[in-house]
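The structure appears below as structure tokens.
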Amino acid sequence: MKLAEIKGYSLAAIAAAAYGTNPAFAVPLYAQGMNPCSVLLFRYLMGIPLLALLLIFRGYSLRLSKEELGPVSILGILMALSSLTLFESYEYMNSGIASTLLFVYPVMVAVLMIFFFRERFRAPIAICLILMCVGLILLMKPQSGVPLSPYGCLLVMVSALTYALYIIMVNVSGRIRSIPTTKLLFYVLTCGCAVYVVMILSGRPLTLPSLPSGWLNLIALAVIPTVISLTCTTKAIQIIGSTPTAILGALEPVSAVILSVTVLGQAVTVRDVSGGLLIVAATIIVIADKSVDRVILHVRKMFPKLRR
């Protein structure tokens with residue numbers, strides 16, 4: 001495996017684990033009276049100056065061409081909708097389960113890339129998707145037999161679809177790929193802020209934290225699952241592509257479940273642990289996909305009938 005690929009896989013793993021911290025910081029803010037739209041507005045607003053400082057430090061220009069403005073605006077809208085629907089789902093269901101259900105987005109990415117962009121569907125991807133599906137089934141069982149909220153599930157599915165479209169657009173758009181990662185995210189968050197401002201001006205209430213700890217949670221949201229996660233995600237896509245980056249997002253629900261237990265006090269079962277282990281196994285397969293290809297090829301040579 002080349003050094004660039006190792007870097008890409010590492011960035012994708014960091015991005016997924018960081019994004020899984022969303023519930024740990026967002027749910028306590030709801031308890032302080034904030035709504036999802038307000039939480040996300042402050043999250044994005046606090047993230048923008050950090051990205052601006054990075055741009056200045058690296059000597060990048062903030063200028064966008066007319067040709068780049070349209071695609072970047074679309075990315076901002078997709079990211080804003082994905083974040084909003086996920087954060088709203090936390091109000092209707094267990095946040096760990098919501099973050100786990102969100103992980104259907106790699107399947108959406110893989111399917112969309114295969115059918116619309118003719119990406120080859122390799123055997124290792126099939127194997128890891130099967131493992132992840134089994135892991136997700138184990139993780140999705142609600143605690144104490146309480147059924148999942150249909151509306152909450154719908155919100156998560158919309159979040160997964162918009163995030164999948166975001167990942168694919170970053171990967172296939174030549175104009176987007178030519179924009180430096182930090183600069184791209186600066187404008188994605190800026191456009192996302194505009195979406196939330198429009199929603200608030202249209203009637204959604206603007207709420208603030210009732211305790212000082214709430215502001216610390218907002219800062220953490222701006223730094224960890226926003227600046228760190230989205231920067232690593234975008235860079236990983238540019239290095240290793242959409243599908244491996246999406247599948248390595250398997251660490252996201254694992255991170256979310258762990259933090260839900262340790263920070264939010266939610267229960268964990270043997271099924272949850274088993275599901276998490278299967279997802280980690282799938283992640284390892286993605287990283288070693290070339291080796292898996294060689295093993296499968298060797299097996300097929302040993303058993304010629306398998307080729308019929």
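A short reminder: the numbers here are calculations on the coordinates, not readings from a lab. Predicted, not measured: the structure shown is a model, and the values here were computed from it. Every residue, glycine among them, receives a Cβ derived from its backbone with ideal geometry; neighbour counts consider all protein chains shown.
Could you work out the relative contact order of region 18-128? I mean the mean sequence separation of Cα pairs under 8 Å and 6+ apart, divided by the number of residues, in percent.
32 percent
Please list, in order along region 168-180, the HN-Hα scalar couplings obtained from phi with the Karplus expression 6.51 cos²θ - 1.76 cosθ + 1.60 (θ = phi - 60°), rounded to whole Hz, x for Gly and Pro.
5, 5, 4, 7, 9, 7, x, 5, 5, 5, 7, 8, x
Running Debye on region 1-53 with equal point scatterers at the Cα sites and no solvent, what base-10 log of I(q)/I(0) appears at q = 0.30 Å⁻¹?
-1.07
To the nearest 20 Debye, how big is the dipole of region 1-141 about its Cα centre, given +1 on the beta carbon of each Lys and Arg and -1 on that of each Asp and Glu?
400 debye
Rg and Dmax of region 5-117 over Cα atoms: what are they, in angstrom?
Rg and Dmax of region 5-117, Cα atoms, are 16.7, 45 Å.
Give the distance, in whole Å, between the Cα centre of region 4-62 and the Cα centre of region 186-235.
Here the answer is 8 Å between Cα centres.
Grab the beta carbon distance between residue 197 and residue 281, set R0 = 30 Å, and tell me the FRET efficiency rounded to 0.05.
So the FRET efficiency works out to roughly 0.10.
Output wanted: per-residue J couplings in Hz (rounded whole) for region 30-40, from phi through Karplus 6.51 cos²θ - 1.76 cosθ + 1.60, θ = phi - 60°, x for Gly and Pro.
5, 5, 8, x, 7, 9, x, 4, 5, 4, 6
Give me the extension gain from residue 58 to residue 116: residue separation times 0.36 nm, minus the current Cα-Cα distance, reported in nm with one decimal.
So the extension gain works out to 17.3 nm.
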